[in-house]
Amino acid sequence: MKQFLPRDMQTIKFGKITVALALVALSATVSAQPMPAPQPFKATYIAYKWGDDVGQATMQLEALSENQYSLTYSSDVSKFFLSDERFEHSIFFIEDQQLVPSQYHYKRTGTGPDKQLGLKFESEPTPTVQIKNGDTLEWNGELDNQLYRLDIARQLKIGNHDLNYDFINYRGEKRHYGISVLGNETLSLPYGQLNTIKIKLVRDSKTRETFAWFAPKLNYQLVRLQQFKEGDEQGDIRLSEFELH
């Protein structure tokens, strides 16, 4: 279903973020190869819980202008009397081949408390992150909750496996993840059989584990994401449809 932006999220050409700030956002080893520009796509996933099909998720990247992009993620899952609907929207720029966040919105509804977050990344007069509730954070080049996942695919495409990211999560908290490349794995997905690169997110938490798989054949698209908490599977999305635009 087509997602419409609220008025304050309609496409706006913001002033460019300084190159120095953008380079801080990604602390990956610099490669001699040019970084590929993001290629618009739409990916649809089936969501699983304890092996059962519990819903669907969609990720879509759209070009808004020459160097401005929109990335959305939506999911709608339910099992028994539990339900969870989520929507994330990032607007970002490409500057000096790096992803530079501009706006991020998050909304969650369903069983339990509803949650939402709105962020604006501003470089002037001082680098800050404006939170919709009126709070601010010092901005030291962190990405938003979605962009680091998009950048992993770009880095893997040029053979860069030395990756780590600073970002602001959907709670408005600063976090740091390392990326451990575990190797190649062939997956049988609803989409079909794919050869993939498997990674693990490395974080301070000892109770949570997240694994992700990217398929070189599909422009290094994320094709599976699986999360565990204290050994119990929290969610598993697997690619069912994919198209490049």
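The values are calculated or read from the model by the stated rules, or taken from the named source; none is laboratory data. All of these numbers come straight from a predicted model, not from anything done at the bench. Quick reminder, even Gly has a Cβ in these numbers, built from the backbone with ideal geometry, and neighbours come from all protein chains shown.
Can you name every residue in the stretch 79-97 that is assigned to a strand (DSSP E or B) and under 20 Å from the mean Cα position of the chain (by Cα)? It would help to see each step written out before you state the result.
At the first step, the residues of the stretch 79-97 found to be assigned to a strand (DSSP E or B) are 79, 82-95.
Hits for the stretch 79-97 are 84, 85, 86, 87, 88, 89, 90, 91, 92, 93, 94, 95.
Return the total of residues in the stretch 123-137 being without any contact (Cβ under 8 Å) to a residue 40 or more places away in the chain and part of a loop (DSSP other than H, G, I, E, B).
Qualifying residue count, the stretch 123-137: 6.
Out of 182, 194, I need the residue that is modelled with pLDDT of 95 or more, more than 30 Å from residue 100 (Cβ to Cβ) and part of a strand (DSSP E or B). Which one?
194
Being among the acidic types (Asp, Glu), assigned to a loop (DSSP other than H, G, I, E, B) and either in contact with a strand residue (DSSP E or B) (Cβ under 8 Å, 6 or more places away or on another chain) or surrounded by fewer than 20 Cβ atoms within 10 Å (Cβ to Cβ) (or both), is that true of even one residue in the stretch 227-243?
First, pick out the residues of the stretch 227-243 that are among the acidic types (Asp, Glu): 230, 232-233, 236, 241, 243.
Checking which are assigned to a loop (DSSP other than H, G, I, E, B) leaves us with 230.
Retained after the next criterion (residues that are either in contact with a strand residue (DSSP E or B) (Cβ under 8 Å, 6 or more places away or on another chain) or surrounded by fewer than 20 Cβ atoms within 10 Å (Cβ to Cβ) (or both)): 230.
Yes, the conditions are met somewhere in the stretch 227-243.
Got a number for residues in the stretch 158-199 being surrounded by 13 or more Cβ atoms within 10 Å (Cβ to Cβ), farther than 30 Å from residue 104 by Cα and in contact with a helix residue (DSSP H, G or I) (Cβ under 8 Å, 6 or more places away or on another chain)?
Number of matching residues: 1.
Within the stretch 229-245, which residues are touching a Phe, Trp or Tyr at 6+ places or on another chain (Cβ under 8 Å) and within 26 Å of residue 78 (Cβ to Cβ)?
Residues satisfying the conditions are 233, 234, 235, 236, 237, 238, 239, 240, 241, 242.
Among the numbered conditions (1) in contact with a Pro (Cβ under 9 Å, 6 or more places away or on another chain); (2) surrounded by 15 or more Cβ atoms within 10 Å (Cβ to Cβ), tell me where residue 221 comes up short.
With (1) in contact with a Pro (Cβ under 9 Å, 6 or more places away or on another chain); (2) surrounded by 15 or more Cβ atoms within 10 Å (Cβ to Cβ) applied to residue 221, the lone miss is (1).
Filter the stretch 48-69 down to the residues that are closer than 24 Å to residue 142 by Cβ, out of contact with any Pro (no Cβ under 9 Å at 6 or more places or on another chain) and in a strand (DSSP E or B) and list them by number.
59, 68
Just give me the residues in the stretch 138-174 being in a loop (DSSP other than H, G, I, E, B) and either closer than 21 Å to residue 198 by Cβ or under 12 Å from the mean Cα position of the chain (by Cα) (or both), in sequence order.
144, 145, 146, 158, 159, 160, 161, 162, 169, 170
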